Number of protein chains: 2
Amino acid sequence: MQSVHLPLHNAVPVTPATGALSPLSLAAVSLAGGFWGDRQNLNSSAIIPHAVSWVTRLDWVANLEKAAGGEKYEHRGREFADSEIYKLIEAMSWEHARSGETELDEVLDAFIDKLAAAQDPDGYLHTLFGRPWQQPRYSDFKWGHELYCFGHLIQAAVANHRATGATKLLNVARKLADHVCTMFGEHGLNKVCGHAEIEVALVELYRVTNERRYLDQAKIFIERRGTGTLPLFEFGQAYWQDDLPVRAATVLRGHAVRALYLAAGAVDVAVETGDSELLDALKLQWQNTVARRTYITGGMGSHHMDEAFGEDFVLPPDRSYCETCAGVASMMFSWRLLLATGETKYADLIERTLYNIVATSPAPDGKTFFYANTLHQRTNAGTAPLNDDGVCIRGGSSGREAWFEVSCCPPNVARTLASLGAYIATKDDQGVQIHQYAASRIQTQLASGLLVLDVDTNYPATGRIKVAVAESPDSPVTLSLRVPAWAQGAILDTGDGPEPVSPGSVSVTRSFQPGEEILLDLPLEPRFSWPDERIDAVRGCVAVERGPEVFALESVDLPAGWELEDARIDAASGVTDNEGAVTVKLVGVRPPAESDWPFAPANNSDGTDGSFQADVPLVPYHSWAERGSSTMRIWIPTTATSS
Amino acid sequence: MQSVHLPLHNAVPVTPATGALSPLSLAAVSLAGGFWGDRQNLNSSAIIPHAVSWVTRLDWVANLEKAAGGEKYEHRGREFADSEIYKLIEAMSWEHARSGETELDEVLDAFIDKLAAAQDPDGYLHTLFGRPWQQPRYSDFKWGHELYCFGHLIQAAVANHRATGATKLLNVARKLADHVCTMFGEHGLNKVCGHAEIEVALVELYRVTNERRYLDQAKIFIERRGTGTLPLFEFGQAYWQDDLPVRAATVLRGHAVRALYLAAGAVDVAVETGDSELLDALKLQWQNTVARRTYITGGMGSHHMDEAFGEDFVLPPDRSYCETCAGVASMMFSWRLLLATGETKYADLIERTLYNIVATSPAPDGKTFFYANTLHQRTNAGTAPLNDDGVCIRGGSSGREAWFEVSCCPPNVARTLASLGAYIATKDDQGVQIHQYAASRIQTQLASGLLVLDVDTNYPATGRIKVAVAESPDSPVTLSLRVPAWAQGAILDTGDGPEPVSPGSVSVTRSFQPGEEILLDLPLEPRFSWPDERIDAVRGCVAVERGPEVFALESVDLPAGWELEDARIDAASGVTDNEGAVTVKLVGVRPPAESDWPFAPANNSDGTDGSFQADVPLVPYHSWAERGSSTMRIWIPTTATSS
């Protein structure tokens, strides 16, 4: 391993110079089993090796080798194939910081060697462009994804340096970033990439190197977008957020992953440059997007066509796209706003997205993945269309697939899970804030001394979170716990007996003694969630949630002979939790008589039949489609749906 | 005009050798003003000239000239640009049959001369492929649209010959068809075009020439589709109907226009070859498609992404695609089944599609067109994205546009309106069947003598249809009138006083005397239509229809201060017709409090406020968006939408 063993407190994905909260490193927060700790282990043992095997088998790694070799070669994979390797480098780097040396380190070093060798003398690095037999560099800002790939390389380099102390990849990234600053600076090409991503990377490279020009370049890209440098095409300029300057927009629109990566980078620029106007614009965009363009799962992206946000309240469950990468990107955006503001609503959305998008994508064996995350599966997923390499050709496939021609999502899941410890808690001058509840140890040096906390919980299976103080400074420390917005009726016991606490943040300030415990009980009764009436697509339906998990009705749980479309929920009977089995009363509708025409003069939409009912268990949405082919819905029609 | 004045009874779009009903020609049925007659006049005076000016201005006509010239040239427009010219030739040919000589004849002749000159010696004719500097012929069956363009050329040639007696274009088509039979016959290339269309054309060319190999070739194409000769791609093999043999399918799927053109051609093959198994399969496909995959407007195509049918009951109003061409193609399919079977349900769907898709597309001035026909416009249509030629780059644009990069729809409207007379009535051995009600004269030679009928009506403004016999054979004749499926309570008066008649077909058989009148009164009270409860996207909503017209609520008709999303319909108050103004009682909902999250523990979906209500007129859907920018919806939420 080419690493210098740096103090591990450098292993932090995002390190703003200012902000309400300061992040903690992967060394400061370690997960100990449980919902997320188990998934981190799955990531290192299965997800990352699986992804490495695919980028190798498909010769995407070989692209780098051949580019270094200098001989003419046929590029394999899509324009952004390089970036999947970069995201895996990022994932393996965080994994190294989390677990110490593992078998993955060898792959990591080899990947870094290959890409370093492929870099052009002037810093440019992309395996699809610029060689005599290839398209020229920067000949296709729409679809070329050159700056996008650079962004992922830079993020990987920052992660690698912070996690291992090594500088080889960081130097590659600096050289590449210098090239970008020269080419696209104030006096350079007046262009932006069709896919935002480099912005967020350049700011982080600035943070790690203190090289101001990287921040300046990120700011240039942020300010340049929305000025119409990208061509018009059939999905409109909003697709790549080139319709409006970032600071003029009031809501996210266009391609969801593009919009969210851009927003994350823009927060970084706003924070580092003290641009409160820009930061306010992004807070407003977040607010309107969450209030009007986000699914109950935290999923973003209502259109299959352009993988884009819909108009306000266009949230069709059966044509939801909700790309896994948009979930990751949404976390990136929210995390930056959380650090900047300290407001718990951002952590609320991260929690929702983690449990219902990030956790949903990988199968329990870590070898297949949802790319899109539909809220309503109407027909049993058929066989996915695979190409000759055995790769799924359609991201919107209705099943989890091993790999995709456009395979951005599995490596995005990998880097997110590997770095998840860094998203659990933060600190400020007064103490520590716990945002996400997972069995974990949190240890951090405060100004007044070392604070070590052990978080013991089976959350989200149970609602009790025990925070035990293992070590604490002598002086008073403030310990803050997020009470999720859904947690009406939460109870806190700081040692003086239980007291009700409201959603938001609850703080305890005192000189803690080792052995002291704080207990937070979050109410995990399953609950109904009703949609805003402006969401036309789920009118007359209700969803069930329990804690941070959204639940789903899956056809394999229906009584024999029922179809999903026959089931109505008897909402008056409520939802119960029978020893962990979240159960609702379903009433069957008389299957409508076969008709030649599905529109009738009489309203027969409430044809429920009392003799045909059953208590039926729901499953957490993240664990649907694990028991064979099925149909599924999150939004369940209620028994009386129309006047 | 290069025409031989043939007997005009040849001016018939579709002439099956057998079938329950025989078509009538454009000479046999002439429209006299009214809803459709006025649109036919608009077609000749505005729509066709407008389309001619665009294909000329954009150099799509020049492609043909340059191809004939033999010099190297840059092809303008898309792969199927030639076909728009062919559809206009078809439109102008029918228009010639309908109106006699007009100014359009000169354009028509010039277009024919140009394309004849562009034909290669071996019969091939496409301006984008096959020249030394171009892609080779037949190098791209997925997207090349070569056989698709040939199909439209052949249809144009058949129309031109039938309408004018001229043979120049027919000879071009024969030579082209001969080339196709050689290339793609049993011993030729085992390929089909990515876009069905040539099948329906080849059968009609067989019908006009009696050349059996054209029918055989159509049959080969029909049987070959579904055997996997087209490559897999991300939308799946169903996109081009290559997933299943035509005779094995039970419902239409994939790209809607492709599916419907294919189905129309398959009916033709089934009828001409006496293949009742194939015909039965198509009848079943029609039935299932209409029962489960068709909008209340008759629109087909639920997806923007792949312009495709959705799964059963996936009929989202706000993301409906409902391409105008799919409406035209649906008429083609239904008309062929009507001729084959005589069942009125096919004419019912044609009527619905005519009034709510075909009539919706063109603006009253005939100079802008809907390409997609949404059932719910949520935001005021912004400015459409136009390219440097002033052409709309997105078919799914929310407004009517002058022309499109993919501009299949306006010429399809043009050829449909020009030939509309042929879809009004049919005959059989016993007499005449009137399928569509329009002010018209119907004159046809029966075995027993000449029958001349004058249809006098303001339909669909009023429901009275008066059929006056102007001339009749001495022997008994059966006159059949379609009673639309929606027309509960229709009244027929054959001279013996009014009698109730049921939906379906009503017949009168007798020896008619000149001057006799038959009166059919169709009930035009506006009515509610409720959706099948399996259509999730419009649960809790109701639509209003009146006669064949679907109505829409348009924001310009709302009281000041209301938004479309505030309006609920008080269905208990019914729908009234105040001297032609179809009016409903709307109740305003309290605008939901601005919220950070649109999913709540309480069901507040029925926040109607009795103090906030108004009687509001609806407009026929086909005339929406004629009064400036607006929002619109067909499906209106009812006041109580949830338990």
(message) For the pairs A:LYS142/A:LYS367; A:LYS87/A:LYS367; A:LYS142/B:LYS367; A:LYS72/A:LYS367, flag any whose C-alpha to C-alpha distance is greater than 23 Å.
(response) A:LYS142/A:LYS367; A:LYS142/B:LYS367; A:LYS72/A:LYS367
(request) Would you kindly work out the equivalent ellipsoid of region B:495-564 from its C-alpha gyration tensor and give its semi-axes, the square roots of five times the eigenvalues, largest first in whole Å? (result) 40, 18, 9
(request) In nm to one decimal, list the spacings between the B:GLY228 label point and its equivalents in the other copies, with label points set 7 Å along Cα to Cβ, shortest first. (result) 5.0
(request) Starting at the first residue of region A:73-78, write each ³J(HN,Hα) from the Karplus equation 6.51 cos²θ - 1.76 cosθ + 1.60 with θ = phi - 60°, in whole Hz, x for Gly and Pro. (result) 8, 9, 5, 9, x, 7
(request) State to the nearest 20 debye the size of the charge dipole of the protein assembly as shown about its Cα centre, where the only charges are +1 on K and R beta carbons and -1 on D and E beta carbons. (result) 1480
(request) Between copies, how far apart are the A:ASN190 label points? List them in nm, one decimal, shortest first, with each point 7 Å from Cα toward Cβ, please? (result) 5.7
(request) Taking each label point as 7 Å beyond Cα in the direction of the beta carbon, state the distances from A:ALA17 to the same residue in the other copies, shortest first, in nm. (result) 8.5
(message) Per residue of region A:308-316, what does 6.51 cos²θ - 1.76 cosθ + 1.60 with θ = phi - 60° give for ³J(HN,Hα)? Whole Hz please, x for Gly and Pro, Karplus curve as stated.
(response) 10, 4, x, 5, 3, 6, 8, 9, x
(request) Apply 1/(1 + (r/R0)^6) to the Cβ-Cβ distance of B:ARG510 and B:ASN171, taking R0 = 35 Å, and write down the FRET efficiency to the nearest 0.05. (result) 0.15
(message) Before we go on, tell me the buried accessible area for the B/A pair, both chains summed, 1.4 Å probe, in Å² to the nearest 100.
(response) 6100
(message) Quick one: the Cα spread of region B:120-205 along its three principal axes, in angstroms, biggest first?
(response) 36, 27, 22
(message) Can you give me the C-alpha center-to-center distance between region B:548-602 and region B:73-121, rounded to a whole angstrom?
(response) 47
(request) Give, in nm to one decimal, the length gained when the segment between A:ALA614 and A:THR576 is fully stretched (0.36 nm per residue of separation minus the Cα-Cα distance). (result) 12.4 nm
(message) I'd like to check one number: the per residue accessible area of the protein assembly as shown, probe 1.4 Å, reported in Å² as a whole number.
(response) 32
(message) Taking a ≥ b ≥ c as the square roots of the Cα gyration tensor eigenvalues, with a/c under 1.5 meaning rounded and otherwise prolate when a/b beats b/c, else oblate, which class fits region A:285-427?
(response) oblate
(message) With +1 assigned to the C-beta of every Lys and Arg and -1 to the C-beta of every Asp and Glu, and no other charges, what is the dipole magnitude of region B:151-305 about the Cα centre in debye, to the nearest 20?
(response) 300
(request) Take the alpha carbon gyration tensor of chain B, find the square roots of its eigenvalues, order them as a ≥ b ≥ c, and report rounded if a/c is under 1.5; if not, report prolate when a/b exceeds b/c, else oblate. (result) oblate
(message) Would the protein assembly as shown count as rounded, prolate or oblate if I go by the C-alpha gyration tensor, calling it rounded below 1.5 in a/c and otherwise prolate when a/b exceeds b/c, oblate otherwise?
(response) prolate
(message) Given the options A:ASN288, A:THR250, A:VAL314, identify the residue whose Cα lies farthest towards the positive end of the charge dipole of region A:237-325 (+1 on Cβ of Lys, Arg; -1 on Cβ of Asp, Glu).
(response) A:VAL314
(message) Report for region A:446-555 the percent antiparallel among DSSP-assigned beta bridges with both residues inside it, nearest 5.
(response) 100
(request) Could you work out how far apart the two model spin labels at B:GLN287 and A:THR227 are, taking each label as a point 7 Å from the Cα in the direction of the beta carbon, and quote it in nm? (result) 6.4
(request) Could you run the Karplus curve 6.51 cos²θ - 1.76 cosθ + 1.60 with θ = phi - 60° over region A:514-519 and give me ³J(HN,Hα) per residue in whole Hz, x for Gly and Pro? (result) x, x, 5, 10, 10, 10
(request) Go ahead and estimate [θ] at 222 nm for the protein assembly as shown from helices alone: -39,500 (n - 2.57) per DSSP H run with n ≥ 4, summed, over the residue count, rounded to 500. (result) -10000 deg cm²/dmol
(message) Once R0 is set to 45 Å, what does the formula 1/(1 + (r/R0)^6) return for the Cβ-Cβ distance between A:ASP388 and B:ASN41, expressed as a FRET efficiency to the nearest 0.05?
(response) 0.20
(message) With +1 assigned to the C-beta of every Lys and Arg and -1 to the C-beta of every Asp and Glu, and no other charges, what is the dipole magnitude of chain A about the Cα centre in debye, to the nearest 20?
(response) 960
(message) Given a Förster distance of 22 Å, report the FRET efficiency between A:SER502 and B:GLU563 from their Cβ-Cβ distance, rounded to the nearest 0.05.
(response) 0.10
(request) List the DSSP H helices in chain B whose Cα atoms stretch 20 Å or more along the helix axis and whose mean Kyte-Doolittle hydropathy is at least 0.5. (result) B:104-118, B:256-273, B:324-341
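The values are calculated or read from the model by the stated rules, or taken from the named source; none is laboratory data. Keep in mind that what you see is a predicted model, and the values were worked out from it rather than measured. Every residue, glycine among them, receives a Cβ derived from its backbone with ideal geometry; neighbour counts consider all protein chains shown. Accessible surface is based on the protein model in full, side chains and every heavy atom, while ligands, DNA and RNA are left aside. Shrake-Rupley method; radii C 1.70, N 1.55, O 1.52, S 1.80 Å.
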